[in-house]
Amino acid sequence: MDKLIDGKAVAAQTRDTVAQAVSSLIIVPTLAVVLIGEDPASQVYVRNKIKFTEETGMRSVEHRLPATATQTEVLDIVKALNTDAEVDGILVQLPLPDHLDTNAVIAEIDPAKDVDGLTEVSAGRLVLGQPGLRPCTPTGSVILAKTALGDLTGKHCVILGRSILVGKPAALMFLEQNCTVTIAHSRTVDLPAVCRGADILVAAVGRPQMVQSDWVKPGACVIDIGINRVPSLKRPGKFRLVGDVDYKPARKVAGSITPVPGGVGPMTIACLLRNTVLAACDRRGLERPPVLDI
Ligand code: GUN
């Protein structure tokens, strides 16, 4: 049982730590959430983001636009939130409807309020090793790996996937933890052998159950970032969620492993809350609460 890295429990702990940090501040951080359209999954994410923002003692403001919103309408909301002195963090829920230019919307966000860590400034600071706001899913992955292993110094971390949102920033964040990092991807020669070299295997490719148990070094820590909807075998017409790792057999080999659901997923929101506190402190010239150190 103790092989399982319980993302729900670690996320609850992280939220408790955020609440403790918030209560130590002389101000109340505010997160603005922008939701465009009616995508059901996005609506659930946004509802949870708002719920947990308030549960940790922070304020939230919500802006909803119909799926037909124009680029100008979306940019105008972001610009207004940029100049609103009360707002510390801006989260534009992705994906945006197809007719909108996602990169242009992200580029409009004031980097000081970029709690998703997606702007060019945040990415540049990560590459340069400067303090800044780091993307939430990679942050959650680092916290889970440290929960399982403690100090990550010297561990060989193989990141499977090189996406802008997850794989690349995750590689840089495990490097910040003094790991030896390999980025593997679809063109890597002998992917199974490369993965078998990993002390920490981070799967972020978006291919259901691609990572087989013989890709896992015995005792390795497996962090599964994938969230894939596949047809349910037991209930025809229904779907179930699986990760990028073939969980059941991989669990027998791994030293520790995150499940899907209940692994990295819950950490993403917890790390968004953490970033909201960090942004509030940085913007207002307050020291970052030490309890939020990773
Ligand atoms: N959609 C799914 N996950 C995320 C996330 O972490 N941030 C944003 N902005 N949108 C998402």
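Just so it is clear, none of the values below were taken in a lab; they were calculated from the coordinates. Because the structure is predicted, anything quoted here is derived from the model rather than measured. For neighbour counting, all protein chains shown are included, and Cβ atoms are generated from backbone atoms with ideal geometry for every residue, glycine included.
Counting beta carbons within 10 Å around each of Phe52, Phe239, Phe174 and listing the fewest first gives the order Phe239, Phe52, Phe174.
Report note on the peptides 6-17, 66-77: ranked by the mean count of other C-beta atoms within 10 Å, highest first, their order is 6-17, 66-77. Take every pair of alpha-carbon atoms less than 8 Å apart whose residues are at least six positions apart; their mean separation over the length of the range 128-176 yields a relative contact order of 47 percent.
Over the chain, what is the mean sequence separation of C-alpha contacts under 8 Å (at least six apart), divided by residue count, expressed as relative contact order in percent? Provide the component values of the computation, followed by the final result.
Numbers: 587 pairs, mean separation 63.4, N = 294.
Dividing the mean separation by the residue count of the chain yields 22 percent.
For the range 112-163 versus the range 233-248, the spacing of their alpha-carbon centroids is 28 Å.
Under a Cβ-only charge scheme (Lys and Arg +1, Asp and Glu -1), can you give me the dipole magnitude of the range 1-117 about the Cα centre, in debye to the nearest 20? Spell out each step's value before the answer.
Working: 10 positive and 19 negative charges, 79 e Å.
Here the size comes out at about 380 debye.
Of the residues Thr17, Leu100, Leu65, the one whose Cα sits farthest toward the positive end of the charge dipole of the range 9-100, with +1 on the Cβ of Lys and Arg and -1 on the Cβ of Asp and Glu, is Thr17. Taking 4.7 Å between beta carbons as the limit, the unpaired Cys residues of the chain are Cys195, Cys221, Cys281.
Note down the magnitude of the dipole of the range 137-294 about its Cα centre, charges +1 on Lys and Arg C-beta and -1 on Asp and Glu C-beta and zero elsewhere, to the nearest 20 debye.
Approximately 660 debye in magnitude.
Summary of packing: across the peptides 149-158, 188-197, 267-276, the per-residue average of other C-beta atoms within 10 Å ranks them, highest first, as 267-276, 149-158, 188-197.
Can you classify the range 210-294 as rounded, prolate or oblate using the Cα gyration tensor, where a ≥ b ≥ c are the square roots of its eigenvalues, rounded means a/c under 1.5, and otherwise it's prolate if a/b beats b/c and oblate if not? The shape class here is oblate. Here each label is just a point 7 Å from Cα along the line to Cβ, and for Leu175 and Ile27 those points are 3.2 nm apart.
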